[in-house]
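> If you scroll down you'll find the structure; I have some questions about it.
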Amino acid sequence: MVRAAALAVLALTACTEIEPFRCERDAECGDRGRCEESGACSFADASCHGGRRYGAYGDPSLVAACVGDETGAIAALAAGSEHTCARGDDGVAWCWGSNAQGGLGFGDVALASAPRAVDGVGGVVDLDGGQDDTCAVAGGRVWCWGAGDQGQLGDGGDRDRTAPVAAAIAGDDVVEVEVGDRHACARSAAGAIRCWGANDDGERGDDDKDDDALARRPVAMPPARALSAGSRHVCARVDGGAVWCWGRNQRGQLGRPGRGRGAPAPVPGFDGAVGVAAGGEHTCAWFADGSARCTGDNQRGQLGDGGTSDRDAPAAVVGLGGVVEMALLDQATCARRAGGDVVCWGQGGDGQLGGGAGDRTVPAQPVALPRPAIALTAGQRHACALTDDGCAWCWGADGFGQLGDGAGDGTGAVRPVLLACR
């Protein structure tokens, strides 16, 4: 009996040491299953935000959970050119999409079509994505990862980084960071702006054309209250509603005639703005009465004035009211209105307008979101909204998995990101 009992204990021990099942291919999950990046099988379930639920086998922490719930509740979204990131309520950063040069914060894959947590930085309060890099604010400091060839990580070097590194910025009171193609800028609680990285078009706010991997001095302008970086230009809103812009101006995105310049200057047509957003080569601002104006590149109708001619001074967006937020793509524009609906216009060939596949020169039908939106973000050819239930939805190009639904098939439909809802 003793020997039999001992054998039973050994058998039980052996059972408990068996590794949880991990799939590698959809075929291992049965006819209706899908092998997720977590190595667990999932099955269709309309009650889940992402439409799928994990099965009974695999990692015990995932069994019967909705796919995406492992992220926790999401508080904010931020898009880079071909990737997207989110900030959780718990301060954890999650990224997905193109991982060229480590822009997602890890180095083991070329892309991720579903969200993955960024290790090495916690307590994130703000973040933004660039062309192949990402920066976040945590503990009053800036942390960056990804492409560093032009000093855009701000760490004093020119190496790519696949994990967060601290940017060398004076003080520890940063509250906002904005990232352009190959440059970035940070705003302190007092309103000082410091920029680093490439400066071919004066996007750092000075006339020094050399790259600089250090944020050496504040941009010479009044204290700022909000910041937005475009491809190669930057705009900031100051007290009283004046908007100052600097950098590239080949298409009129600075709201005035002439070539680009490093010295910031106010945009007359944006006086009284309550918000400003910069895109590829265009800029928009919105006002307390709910109206919006845009300037710059208009090849695909992204200024919303009904035409396709560039503007070097702000023009009113036609038929648009109730605007409380705007997010600009490369050649398209989206606006969130007070009721929570989202409308987009401009280039639409990749589905980045959230409905249809053609260009539009004025706002039209709202994006088909299931709930009112409370925040927007936009990359080069995709956009995302956070709805009032804490769910994330994206539309547009998905060739690198930047929509975050695990598909990466680029159908252009509005699709849920595999992130938990509140």
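All of the numbers you see were taken from the coordinates with simple rules; none came from a lab. Everything numeric in this text was worked out from a predicted model, so none of it was measured. Using ideal geometry, Cβ is built from the backbone for each residue, glycine included, and neighbour counts are taken over all protein chains shown.
> Over the Cα atoms of region 16-65, compute the convex hull volume and normalise it per residue, giving Å³. Intermediate values should be presented prior to the final figure.
Numbers: hull volume 3.7 nm³, N = 50.
Hull volume normalised by residue count: 74 Å³.
> Here is a further query. What is the distance, in nm, between label points placed 7 Å from the Cα along the Cα-to-Cβ direction at ASP172 and at ARG422?
If labels sit at ASP172 and ARG422, their model points lie 3.0 nm apart.
> Quickly work out the GLU28-to-VAL318 label distance, labels modelled 7 Å from Cα along the C-beta direction, and quote it in nm with one decimal.
5.6 nm
> I would also like to ask the following. Return the whole-Å distance between the Cα centroid of region 384-402 and the Cα centroid of region 70-103.
11 Å
> Between ASP409 and GLU37, with labels modelled 7 Å along Cα→Cβ, what's the label distance in nm to one decimal, could you check?
According to this spin-label approximation, the distance is 1.8 nm.
> Okay, moving on. Taking the Cα centroid of region 168-225 and of region 309-364, what is the distance between the two, rounded to the nearest whole Å?
Using only Cα atoms to place each centre, the spacing works out to 28 Å.
> Can you give the calculated 222 nm mean residue ellipticity of the chain, where each DSSP H run of n ≥ 4 adds -39,500 (n - 2.57) and the sum is split over every residue, rounded to the nearest 500 deg cm²/dmol? Present the calculation step by step, with values, prior to reporting the outcome.
Details: 1 runs with 15 residues, N = 422.
Here the helix-only value at 222 nm equals -1000 deg cm²/dmol.
> What does the charge count near ILE74 come to, summing +1 for each Lys or Arg and -1 for each Asp or Glu among other residues with Cβ under 13 Å from its Cβ? It would help to have the intermediate numbers written out before the result.
Working: positive: ARG87, ARG422; negative: ASP69, GLU70, ASP89, ASP90, ASP388, ASP389.
Net of charged neighbours comes to -4.
> Kindly give Rg over Rh for the chain, based on alpha-carbon atoms, with the Kirkwood expression for the hydrodynamic radius. Please list the in-between numbers first.
Numbers: Rg = 22.9 Å, Rh = 21.9 Å.
Checking Rg against Rh, the ratio lands at 1.04.
> Still on this structure: How much net charge surrounds CYS29 when only other residues with a Cβ under 15 Å from its Cβ are counted (Lys, Arg +1; Asp, Glu -1)? Mind dumping the intermediate values first?
Numbers: positive: ARG22, ARG25, ARG32, ARG34, ARG52, ARG53; negative: GLU24, ASP26, GLU28, ASP31, GLU36, GLU37, ASP45, ASP59.
The answer is -2.
> Can you give the relative contact order of the chain as a percent, counting alpha carbon pairs under 8 Å and 6+ residues apart?
Details: 1401 pairs, mean separation 49.5, N = 422.
For the chain, the relative contact order is 12 percent.
> Assuming R0 = 35 Å, what is the FRET efficiency of SER61 and ALA368, from their Cβ-Cβ distance, to the nearest 0.05?
That pair, SER61 with ALA368, gives E of 0.55.
> Name the residues of region 47-69 whose amide N is less than 20 Å from a point 7 angstrom out from the Cα of GLU19 along the C-beta direction?
So the set is 55-63.
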